[in-house]
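Colleague: Dropping a structure here in structure tokens format, bear with me for questions.
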Amino acid sequence: MSFYEDGKSVLSHLDEYYNQSINIEKPVIRQLTISELHEKLSLATHLENGDLSGGRLDSFLKDYLDNTTRLHHPGYLAHQVGISHPTGALGSLIDGFTNNAMAIYEMGPAAAAIEFFMINYLLEKIGWKPMPNDIEKRLSFFHGGGVLTHGGSLANMTALLTARNHLDSTVRENGNPSDLVILAPESSHYSIAKAAGIIGIGENNVIRLETDIHGRVMVSKIDNAFQKAVNNGKRIVTLVANACSTGTGLYDPIDEIADFCREKDIWFHVDGAHGGNALFSNKYKTYLHGILKADSMIIDAHKMLRTPGICAALLVKNAAALDHTFEHKASYLFHEKKQPGFDFIGQVIECTKAGLGLKFYMTLAAIGEKGMEVYIDNTYDLTRQAFEYITAQPDFEVPVRPESNILCFRFKAPDDVQIMLRDHLIEEGSFYISSTELNAKRYLRIVIINPATKMNDIKKLISSIRSAATT
Ligand SMILES: *Cc1c(COP(=O)(O)O)cnc(C)c1O
């Protein structure tokens, strides 16, 4: 095998793949059965022969790429997964090849230094104090911290652990007492309840904050939930808000919630997995107004920041809280080692950890900060235009004005018709959309995340839905 020749073949296939996708020459989605794919890709044969190189790699790649879901296709409107930037994808390749497990500095100084840089970059965007490059100073003054994790679910779980261990430093060793609760709206991502279950607080101890009919936290009602918890002898680990929510893409009122949490001395965690990207937009960052007053936040770079999966950032205002979450002595280890860098291993659930910062950095550095802002503004703007357009169609209804790039709507017909319409689109292959339930009604849902998607694609989507519904 020749790495160079095979590599050229991979790049040329991916280049063709990208062009076919963006030019709508292939369906956005195509699903054969597992058996058909095993057969087509000759999985068992290659394994037996150990021959995946040259011409065989070439035809394997063709079949593989023909059976992917094409995120670069302008009809890709389904899920909150980033339309990976080619330069970011090269970062994935480099990281995969070098395989630097950078959670300890000596296993990847460049990767660790980039992660450190990206964490500080995001901390400064929020307005929290960055970590000192001179790690000797790490213990000497108050500053923020964070880590890149393999996904937002893990970042949320790490945030909950940090908040819990900050509230009660004995829990890590002794296990959970029974008086811990988390406050979060029903509209919070399921990873919050899941994490509460995993870390032993318990899913039933996630107390639901009251929301308006669109799932936004009602600040005036927070005190009810708070008082009830306190009267029942509970301690509040953290209050979690959405920026933005997954279903409807609406932002909770961060500033007012932050004030409540400050007054009651509650750890305030902002789940910005999707909508944290507004930090990059002068036009839309008002949705995050007050974020400075939060205690922790997550952002998925692999959603709205065009970074190939997976890369999420957990950011905390007080680095010491994160230092103490997993290993009380983590802060001293690097002194003993006398190394020039920083070990992220004391901040994460993972042990071996990929150099996630490289693809994130390479994506951002290729697009540029300004380019990222334009991309985000365009997706948010286009979603507003789509809202106006669909609202004006007499046979469609749109339940909520969008704030981000997520839009729910339905053809005026019963719930099962919505599902049927989505199935029909997927079968046809020009559009791939998702669906969600709001107030016990089924809606179609789009996420305008592809920079190639234009208003004309939305108009075509609506007419495809209409014609599928009326034939
Ligand atoms: C996607 C999402 C998550 C989970 O992130 P993963 O990277 O998919 O694990 C958490 N919270 C919100 C609001 C999300 O949209």
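Colleague: Quick check on segment 20-71: of everything there that is among the acidic types (Asp, Glu) and part of a loop (DSSP other than H, G, I, E, B), which residue is surrounded by the fewest Cβ atoms within 10 Å (Cβ to Cβ)? Step through it out loud before you land on a result.
Modeller: Here is the first cut: in segment 20-71, the ones among the acidic types (Asp, Glu) are 25, 36, 39, 48, 51, 58, 63, 66.
Going one step further and asking which of them are part of a loop (DSSP other than H, G, I, E, B), we end up with 25, 51.
Values: 25: 11, 51: 15.
Ranking the qualifying residues of segment 20-71, first place goes to 25.
Colleague: Select from segment 173-191 the residues that are within 14 Å of the ligand (Cβ to nearest atom) and assigned to a loop (DSSP other than H, G, I, E, B) and list them in ascending order.
Modeller: 186, 187, 188, 189
Colleague: Can you tell me which residues in segment 266-312 are more than 15 Å from the ligand (Cβ to nearest atom) and assigned to a strand (DSSP E or B)?
Modeller: 268
Colleague: Please enumerate the residues belonging to segment 292-314 that are open to solvent by less than 10 Å² (accessible area, probe 1.4 Å) and more than 22 Å from residue 206 (Cα to Cα).
Modeller: 300, 301, 304, 305, 307, 311, 312, 313
Colleague: Run residue 148 past the list (1) open to solvent by less than 10 Å² (accessible area, probe 1.4 Å); (2) in a helix (DSSP H, G or I) and report the number of the one that doesn't hold.
Modeller: (2)
Colleague: Let me ask something additional. Read through the list (1) open to solvent by 40 Å² or more (accessible area, probe 1.4 Å); (2) outside the structural domain of residue 350 (by TED's automatic domain parsing), then give the number of the only condition that residue 99 fails.
Modeller: Going through (1) open to solvent by 40 Å² or more (accessible area, probe 1.4 Å); (2) outside the structural domain of residue 350 (by TED's automatic domain parsing) one by one, residue 99 breaks only (2).
Colleague: Take residue 91 and decide whether it is on the phi > 0 side of the Ramachandran plot and either of a type in the set (Lys, Arg) or surrounded by 14 or more Cβ atoms within 10 Å (Cβ to Cβ) (or both).
Modeller: no
Rundown of residues vs (1) within 18 Å of residue 312 (Cβ to Cβ); (2) touching a residue at least 12 places away in the same chain (Cβ under 8 Å), yes/no style:
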{"site": "148", "(1), (2)": "yes, yes"}
{"site": "160", "(1), (2)": "yes, yes"}
{"site": "165", "(1), (2)": "no, yes"}
{"site": "174", "(1), (2)": "no, no"}
{"site": "179", "(1), (2)": "no, yes"}
{"site": "194", "(1), (2)": "yes, yes"}
{"site": "209", "(1), (2)": "no, yes"}
{"site": "215", "(1), (2)": "no, yes"}
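Colleague: Please return the ranges of strands (runs of 3 or more DSSP E) entirely within segment 336-455 where 3 or more residues are among the acidic types (Asp, Glu). Before the answer, list the steps.
Modeller: Working: elements: 406-411, 432-438, 441-447.
Fully inside segment 336-455 and qualifying: nothing.
Colleague: Considering (1) assigned to a helix (DSSP H, G or I); (2) more than 16 Å from the ligand (Cβ to nearest atom), say which one residue 92 fails and leave the rest.
Modeller: Condition (2) is where residue 92 drops out.
Colleague: When you go through (1) touching a residue at least 24 places away in the same chain (Cβ under 8 Å); (2) more than 16 Å from the ligand (Cβ to nearest atom) one by one for residue 263, which number turns out not to apply?
Modeller: Evaluating residue 263 over (1) touching a residue at least 24 places away in the same chain (Cβ under 8 Å); (2) more than 16 Å from the ligand (Cβ to nearest atom) leaves (1) as the failure.
Colleague: Still on this model: If I go through segment 228-250 residue by residue, how many of them are more than 11 Å from the ligand (Cβ to nearest atom) and either within 17 Å of residue 296 (Cβ to Cβ) or assigned to a helix (DSSP H, G or I) (or both)?
Modeller: 8
Colleague: With 255, 265, 223, 271 as the choices, which residue is farther than 20 Å from residue 408 by Cα, acidic (Asp, Glu), open to solvent by less than 20 Å² (accessible area, probe 1.4 Å) and in the same structural domain as residue 191 (by TED's automatic domain parsing)?
Modeller: Values: 255 fails: open to solvent by less than 20 Å² (accessible area, probe 1.4 Å); 265 fails: open to solvent by less than 20 Å² (accessible area, probe 1.4 Å); 223 fails: open to solvent by less than 20 Å² (accessible area, probe 1.4 Å).
Testing whether each residue is farther than 20 Å from residue 408 by Cα, acidic (Asp, Glu), open to solvent by less than 20 Å² (accessible area, probe 1.4 Å) and in the same structural domain as residue 191 (by TED's automatic domain parsing) leaves just 271.
Colleague: Another one. I'd like the full set of residues that are open to solvent by less than 20 Å² (accessible area, probe 1.4 Å) and under 20 Å from residue 380 (Cβ atoms), limited to segment 226-252.
Modeller: Residues satisfying the conditions are 241, 242, 243, 244, 245, 248, 249, 250, 251, 252.
The values are calculated or read from the model by the stated rules, or taken from the named source; none is laboratory data. Remember, it's a predicted structure, so these values are computed and weren't measured experimentally. Here the Cβ is made from the backbone with ideal geometry for all residues, glycine too, and neighbour counts use every protein chain on show. Side chains are part of the model used for accessible areas, which takes the heavy atoms of the whole protein and leaves out ligands, DNA and RNA. Shrake-Rupley method; radii C 1.70, N 1.55, O 1.52, S 1.80 Å.
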